[in-house]
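Peer 1: Let me give you the structure first, and then I'll get to my questions.
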Amino acid sequence: MRDAPVGTVKAMMKASADPEAFAKQCAELDATAASDPATFAELLARGCAAVVCVGMAVHRQNADVQKWGCCVLGRLAPFTSDDAGDALKQATAGAVEAVVAALRAHLFSVDVQEHGCAALTKLTFKSSENRTRACAVGAVDVVAACMRVHGANSPIVQEQAWFLLGALGGTANAATSEARA
């Protein structure tokens, strides 16, 4: 199983030119993260989070890439908490920004909004640094727009958006007050 992480990262890099293939790789990586956290941690050390962030940027307009990318990035939460080591935090850099960009680019996609809000909630819940970064890149405004667009027709999106606003908590209030000043 030792070669699997290297092969997975290489496969993702190779698939990054094709949005459908990249989305499939992200879905497989999400399944690996759910079933084998140790392998996922090794994949992080080998740069998979950066590959996902780059793939999401390259395929910004592909909703499947954004949805599966958000799923994978949400799995990074245990590696981004305030008590995580610097090496792990560095390996997950860019995740918050990638998720907010996905939410912004696919405001009308229920799947992207649901998985993006869930990912951002997980990434910010135990990380004050990620909460600050999320607010700095406009997460509160994007989530407010998401809630307006999806209204009562998408209760899961509404629920995930409320969870996210709760996770952002005081940081969101401070960011909003600072913006008004």
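Values quoted throughout were computed directly from the atomic coordinates according to the rules given, and no laboratory measurement underlies them. Note that this is a predicted model, so its numbers are computed, not measured. Because the Cβ atoms are built from the backbone with ideal geometry, glycine has one as well, and the counts that use them run over all protein chains shown.
Peer 1: Sort the following peptides by mean Cβ neighbour count (other Cβ atoms within 10 Å, averaged over residues), highest first: 16-29, 119-132, 102-115, 65-78. If you can, show how the numbers build up before the last one.
Peer 2: Working: 16-29: 18.8, 119-132: 22.5, 102-115: 20.9, 65-78: 25.6.
Taking the mean over residues of other Cβ atoms within 10 Å, the ranking is 65-78, 119-132, 102-115, 16-29.
Peer 1: Another question, then. Okay, helix-only estimate at 222 nm for the chain: each DSSP H run of n ≥ 4 adds -39500 (n - 2.57), divide by all residues, round to 500 deg cm²/dmol; what do you get?
Peer 2: Values: 11 runs with 142 residues, N = 181.
Roughly -25000 deg cm²/dmol at 222 nm, from the helical runs in the chain.
Peer 1: Something else about it: Cα axis of helix 139-150 to longest principal axis of the chain: angle in degrees, 0 to 90, nearest 10?
Peer 2: Once rounded, one gets 80 degrees.
Peer 1: So, one more: Could you size up the charge dipole of the stretch 3-180 around its Cα centre, putting +1 on the beta carbon of Lys and Arg and -1 on that of Asp and Glu, and report it in debye to the nearest 20?
Peer 2: Numbers: 15 positive and 18 negative charges, 66 e Å.
In debye, rounded to 20, the stretch 3-180 gives about 320.
Peer 1: Nearest 10 degrees is fine. How inclined is helix 48-58 to the longest principal axis of the chain, computing both from alpha carbons?
Peer 2: It works out to around 60 degrees.
Peer 1: Would you list which aspartates and glutamates come within 17 Å of K14, measuring only between C-alpha atoms, while excluding same-chain residues fewer than 8 positions from it?
Peer 2: Partners within reach: D3, E28.
Peer 1: Still on this model: Is there a pair in K24/K89; K89/K122; K24/K126 whose C-alpha atoms are over 21 Å apart, and which pairs would that be? Kindly include the intermediate steps, with their values, before the conclusion.
Peer 2: Values: K24/K89 26 Å; K89/K122 14 Å; K24/K126 29 Å.
Going by Cα-Cα distance, K24/K89; K24/K126 fall outside the 21 Å limit.
Peer 1: Something else now. How tilted is helix 19-35 with respect to the longest principal axis of the chain? Cα atoms for both, answer in degrees (0 to 90, nearest 10).
Peer 2: Once rounded, one gets 90 degrees.
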